[in-house]
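Report on the structure given below.
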Amino acid sequence: MNIGILQTGHVADALIPEHGDYDTMFPGFLADRGFSFANYPVVDMVFPDNARAADGWLITGSKHGAYEDHPWIAPLETLIREAYGLAIPMVGICFGHQIIAQALGGRVEKFTGGWAVGQTVYDFQGLGEVAINAWHQDQVTDLPGDARVVARNDFCENAALIYPGRALTIQPHPEFERPYLEGLIEHRGRGVVPDTLLDGARGRLDRPVANATMADHIATFFHNPEAAHV
């Protein structure tokens with residue numbers, strides 16, 4: 001199954017030599033689960049010809065806001081609606097979670113409660129409490145009509161959404177491993193995220209996260225979106 005990665009941002013320059021960009025991070029995250037990958041850096045206005053160019057689409061995280069005025073936002077939303085109408089499965093991570101919701105009629109806003117950073121526990125339907133690394137201030141605040149919440153916590157009510165048979169979206173970052181998150185704290189967090197939150201995230205770096213579990217669930221969704229329960 002060929003997955004098209006719609007790359008909506010770039011890894012911080014200081015982290016690319018060690019960790020690569022999103023075009024290598026996600027194939028590593030979903031390795032050995034029956035996928036090949038093609039990358040489209042839409043943030044640089046590189047788009048596929050149409051939604052049928054891949055068997056499924058994965059939309060990455062980004063430092064940008066879904067509500068910001070960038071030339072690539074509108075064509076990305078058009079592509080999302082095209083894929084949705086064709087029932088080509090989509091997965092959105094962080095920004096991807098937000099832009100899918102926005103494209104389908106939901107609302108994304110900068111959350112007045114601040115940031116979620118580092119290892120964070122969510123109540124996932126069918127899985128119980130699941131720990132995943134988070135890195136966001138924006139949140140989906142109004143849901144599209146077809147969306148159903150499948151994960152939440154007290155800070156983020158809409159932490160993961162299922163659009164039955166069509167899309168699975170997740171607000172935190174199951175692709176973030178400890179070394180990358182540590183680099184992110186230093187190279188993208190300082191001066192943007194309050195130091196108290198960054199220090200707290202650093203203190204939780206050694207706590208386990210369920211990245212492999214989430215990779216399995218994403219793979220299950222891509223291979224059989226009608227049967228996916230989370």
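Laboratory data are not the source of any read-out in this text; all were calculated from the coordinates shown. Computed from a prediction, not measured in an experiment: that's the story for all the values here. Cβ: placed from backbone, ideal geometry, glycine included. Neighbour counts: every protein chain shown.
Projected area of the range 13-55, taken from the Cα convex hull and averaged over every viewing direction, in nm²?
Taking the Cα atoms of the range 13-55, their convex hull projects to 3.9 nm² on average.
Sort the following peptides by mean Cβ neighbour count (other Cβ atoms within 10 Å, averaged over residues), highest first: 15-28, 158-171.
Ranking the peptides 15-28, 158-171 by packing returns 158-171, 15-28.
Can you divide the C-alpha Rg of the chain by 2.2 N^0.38 Å and report the result to two decimal places?
Computed over Cα atoms of the chain, the ratio equals 0.93.
Please figure out what share of the DSSP beta bridges in the chain is antiparallel and state it in percent, rounded to the nearest 5.
Taking every DSSP beta bridge within the chain, about 60 percent pair in antiparallel fashion.
Starting from the Cα of R52, step 7 Å along the direction of its Cβ; do the same at H64; then give the gap between the two resulting points in nm.
2.8 nm
Tell me the relative contact order for the range 61-218 as a rounded percent, counting alpha carbon contacts under 8 Å between residues six or more apart.
Relative contact order comes out at 24 percent.
Which whole-number percentage describes the relative contact order of the range 125-230, with Cα contacts under 8 Å and a sequence gap of 6 or more?
Computed value for the range 125-230: 30 percent relative contact order.
For the range 49-137, give the magnitude of the charge dipole about the Cα centre (Cβ charges: +1 Lys/Arg, -1 Asp/Glu; no others), in debye to the nearest 20.
For this selection, approximately 80 debye.
What is the Cα radius of gyration of the range 53-115 over 2.2 N^0.38 Å, N being its residue count?
Against the empirical 2.2 N^0.38 Å value, I get 1.12 for the range 53-115.
In Å, what Kirkwood hydrodynamic radius results for the range 138-222 from the alpha-carbon pair distances?
14.7 Å
Work out, in µm²/s and without decimals, the Stokes-Einstein translational diffusion coefficient of the range 19-148 at 37 °C, 0.692 mPa s, Rh from Kirkwood over C-alpha pairs.
Here the translational diffusion coefficient equals 206 µm²/s.
Along the charge dipole of the range 71-218, Cβ charges K/R +1 and D/E -1, which of L198, L86, A147 sits furthest on the positive end?
Projecting each Cα onto the dipole axis, the largest value belongs to L86.
Mind pulling the angle between the C-alpha long axis of helix 73-85 and the longest principal axis of the chain? Nearest 10 degrees, somewhere in 0 to 90.
In the chain, helix 73-85 runs at an angle near 50 degrees to the longest axis.
Under a 5 Å amide H to amide H cut-off, with H placed in plane at 1.01 Å, what residues pair with G92 once short-range neighbours are removed?
The answer is I59, L168, T169, I170.
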